[in-house]
Amino acid sequence: MKRINSLQRTIDFIEGKKVDRIPFHPILMQFAAKYAGVNYRDFCINPKVKCEANIKCARELGTDWVNVMSDPYAEAEAYGRKVEYPIDSLPLAGEPVIKSIDDVDKLKIPVISDHERLRARIKEIELYREMVGDELFIVGWVEGPLAEYCDIRDMSEAMLDFYIYPEKLERALDITTQFAREFITAQVKAGAHCIGIGDAVCSQISPDLYQQFVFEREKVLVQHAHSLGVKVKLHICGNTSAILPDMIKTGADIIDIDHLVGDMSEFVPFLSENQVFSGNSDPVSVIQDGRTADIYASVEKCFQQSGGRGIISAGCEVPKNTSLHNFEAYVKAAHSVAGSVRLNINSVK
């Protein structure tokens, strides 16, 4: 089979076509900065630094994508949350924007051009298109409706808002959803091939609350991105077993699966013809701390459980202290899985 580039490999795999090997999309943030020899503050706020680090990982280590992920606070900062950027650790968020529930009434949709980090995200995608074109799968990112609410509201208070102030919460989620739509549009115009939606906090709420407050809003974002001609990746880490059928029903093309879900096989029948999973090796006990044999076994298990319908990735971010030896073993394991075996599912069950 003729070799194809990483972008085409990923698109073909999602669409059910035969590929030379299964795409490899590990989530690299702090690891990427460390591998590239840059500090994490620059990785977060300097588009050129982030892009060069991710491209270096893709070209030297053999990953099939690049993305704009680094921390969840680009949008929160635009809503008014103060953020500190330590030289070589994760950003630190200051006081919440919504201290009292009445602050929801003051919440405004950010104007992208008014905020440096929002402009930086657009710039990152533009740089990727300049530097790699259609060689690699370029993934933009937005915080999901509930994740963004929790980024601008104390998370404990946000959980209480479901029960005490549901109408205020609905209003806030409408605002975060509308902004995410606008941010998706801007990133697609800049050249993204796919938009990731990160709504990790949803693994902490009940299926009923997910269905009532979040599902339809995520579905709106997926449909909006699809209307612009790009793929969508839905990332909710944690044990999402109870909401996975609904996550799939959002229509996202790529559904991330964390290692806490366990066996993916029971959820494969819910996939439509052009949907795939991504995951779900344990990033700590397997990728960072495991032996080479453990890494190979985990990749093979993910392949088998997904029926050949899973992009190879860990359940969440590969830790920065993962040794190069282990990561190279991960690359070899990922590249050894051929893409010709794919379970055929004709309809959602």
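The values are calculated or read from the model by the stated rules, or taken from the named source; none is laboratory data. All values derive from a computational prediction rather than experimental measurement. Glycine gets a Cβ as well: all are built from the backbone with ideal geometry, and neighbour counts include every protein chain shown. What goes into the accessible areas is simple: the full protein's heavy atoms, side chains included, and nothing from ligands, DNA or RNA. Shrake-Rupley method; radii C 1.70, N 1.55, O 1.52, S 1.80 Å.
Here are the numbers for the structure shown:
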item	result
Among residues of segment 59-84, those that are in a loop (DSSP other than H, G, I, E, B) and over 24 Å from HIS235 (Cα atoms), counted	2
Residue list for segment 230-245, filter: surrounded by 22 or more Cβ atoms within 10 Å (Cβ to Cβ) and more than 15 Å from ALA200 (Cβ to Cβ)	LYS231, VAL232
Filter result (within 19 Å of GLY196 (Cα to Cα), outside any helix (DSSP H, G or I) and open to solvent by 40 Å² or more (accessible area, probe 1.4 Å)) within segment 1-45	GLU15
Members of segment 277-328 that are open to solvent by 60 Å² or more (accessible area, probe 1.4 Å) and within 19 Å of GLU266 (Cβ to Cβ)	GLU300, LYS301, GLN304
Checking VAL261 against (1) open to solvent by 30 Å² or more (accessible area, probe 1.4 Å); (2) among the β-branched types (Val, Ile, Thr); (3) under 30 Å from ASP246 (Cα atoms), the condition it does not meet	(1)
Filter result (closer than 21 Å to ALA180 by Cβ, assigned to a loop (DSSP other than H, G, I, E, B) and either open to solvent by less than 70 Å² (accessible area, probe 1.4 Å) or touching a strand residue (DSSP E or B) at 6+ places or on another chain (Cβ under 9 Å) (or both)) within segment 85-137	PRO91, PRO96, VAL97, LEU107, ILE109, PRO110, HIS115
Qualifying residue in segment 41-64 (condition: modelled with pLDDT under 95, under 26 Å from ILE287 (Cα atoms) and polar (S, T, N, Q))	no
Leading residue by the ranking (surrounded by the most Cβ atoms within 10 Å (Cβ to Cβ)) among those in segment 195-229 that are without any contact (Cβ under 8 Å) to a residue 60 or more places away in the chain, within 15 Å of ALA180 (Cα to Cα) and of a type in the set (Val, Ile, Thr)	ILE195
Lone unmet requirement of (1) over 22 Å from the mean Cα position of the chain (by Cα); (2) over 27 Å from SER6 (Cβ atoms); (3) open to solvent by 10 Å² or more (accessible area, probe 1.4 Å) for TYR73	(1)
First in segment 150-170 and in contact (Cβ under 8 Å) with a residue 12 or more places away in the chain and surrounded by 14 or more Cβ atoms within 10 Å (Cβ to Cβ), second anywhere and in a helix (DSSP H, G or I) and among the basic types (Lys, Arg), Cβ under 8 Å, 6 or more apart	ASP161/LYS168
Filter result for ILE248 (open to solvent by less than 60 Å² (accessible area, probe 1.4 Å), over 24 Å from ALA32 (Cβ atoms) and touching a Cys at 6+ places or on another chain (Cβ under 8 Å))	no
Neighbours by Cβ (under 6 Å, 6+ apart or cross-chain): first from segment 108-131, free of Cβ contacts under 8 Å to residues at least 60 places away in the same chain and of a type in the set (D, E, K, R); second part of a helix (DSSP H, G or I) and surrounded by 17 or more Cβ atoms within 10 Å (Cβ to Cβ)	none
